[in-house]
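K.L.:
Provided herewith is a single structure, encoded as structure tokens, for subsequent inquiry.
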Amino acid sequence: MPVKVIAFVSVKPGHEEAFIDAARICAAASRNEPGVLHYDLWREADGDRRFVFNELYVDDAAVQAHMASDHFKALGVASRDLAAARPTIIATHPVDVEG
């Protein structure tokens, strides 16, 4: 079953570009992972410091593989100094609305 992950990261003032640089490296590597269907970073329109990862995986195993990857761990280490708070991560499964 596919998994949609949305992660919100608030970044400390003045650290936005450093966060984007770190996220860029992670995103490039993540897009090449088996099981990753979609991986993008968005910036909140109102206010400059909240970022949104928009991710789609083929299944839960692909999410776990991503979270175990070196590039994901490296982003986590970089984010410790850049993030204003712990990220909010939401994993979801599709709902059949056509019923």
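The values are calculated or read from the model by the stated rules, or taken from the named source; none is laboratory data. What you see is a predicted model; the values in this text were computed from it and never measured. With ideal geometry, Cβ positions are generated from the backbone for all residues, glycine too; neighbour counts draw on all protein chains shown. We work out accessible area using only protein heavy atoms, side chains counted, and drop any ligands, DNA or RNA first. Shrake-Rupley method; radii C 1.70, N 1.55, O 1.52, S 1.80 Å.
K.L.:
Considering ARG24, ARG80, which residue is open to solvent by 70 Å² or more (accessible area, probe 1.4 Å), at pLDDT 95 or above and part of a helix (DSSP H, G or I)? Give the steps one after another, and end with the answer.
P.N.:
Numbers: ARG80 fails: at pLDDT 95 or above.
Of ARG24, ARG80, the one residue that is open to solvent by 70 Å² or more (accessible area, probe 1.4 Å), at pLDDT 95 or above and part of a helix (DSSP H, G or I) is ARG24.
K.L.:
So which residues in the range 27-57 are among the charged types (D, E, K, R), open to solvent by 50 Å² or more (accessible area, probe 1.4 Å) and either assigned to a loop (DSSP other than H, G, I, E, B) or in contact with a Ser or Thr (Cβ under 8 Å, 6 or more places away or on another chain) (or both), if there are any at all? Reasoning before the result, please.
P.N.:
Step one: list which residues in the range 27-57 are among the charged types (D, E, K, R), which gives 31, 33, 40, 43-44, 46, 48-50, 55.
Subset that is open to solvent by 50 Å² or more (accessible area, probe 1.4 Å): 31, 43-44, 46, 48-50.
If the condition is that a residue be among the charged types (D, E, K, R), open to solvent by 50 Å² or more (accessible area, probe 1.4 Å) and either assigned to a loop (DSSP other than H, G, I, E, B) or in contact with a Ser or Thr (Cβ under 8 Å, 6 or more places away or on another chain) (or both), then ARG31, GLU44, ASP46, ASP48, ARG49, ARG50 are the ones that fit.
K.L.:
While we're looking at this one, here's another question. Filter the range 1-21 down to the residues that are within 14 Å of GLU44 (Cβ to Cβ), in contact with a Leu (Cβ under 9 Å, 6 or more places away or on another chain) and not in a helix (DSSP H, G or I) and list them by number.
P.N.:
Within the range 1-21, VAL9, VAL11 qualify.
K.L.:
Using the structure shown, decide if ALA91 is out of contact with any Phe, Trp or Tyr (no Cβ under 7 Å at 6 or more places or on another chain), small (Gly, Ala, Ser), outside any strand (DSSP E or B) and modelled with pLDDT of 95 or more. Break it down stepwise before answering.
P.N.:
Working: out of contact with any Phe, Trp or Tyr (no Cβ under 7 Å at 6 or more places or on another chain): yes; small (Gly, Ala, Ser): yes; outside any strand (DSSP E or B): no; modelled with pLDDT of 95 or more: yes.
No: the conditions fail for ALA91.
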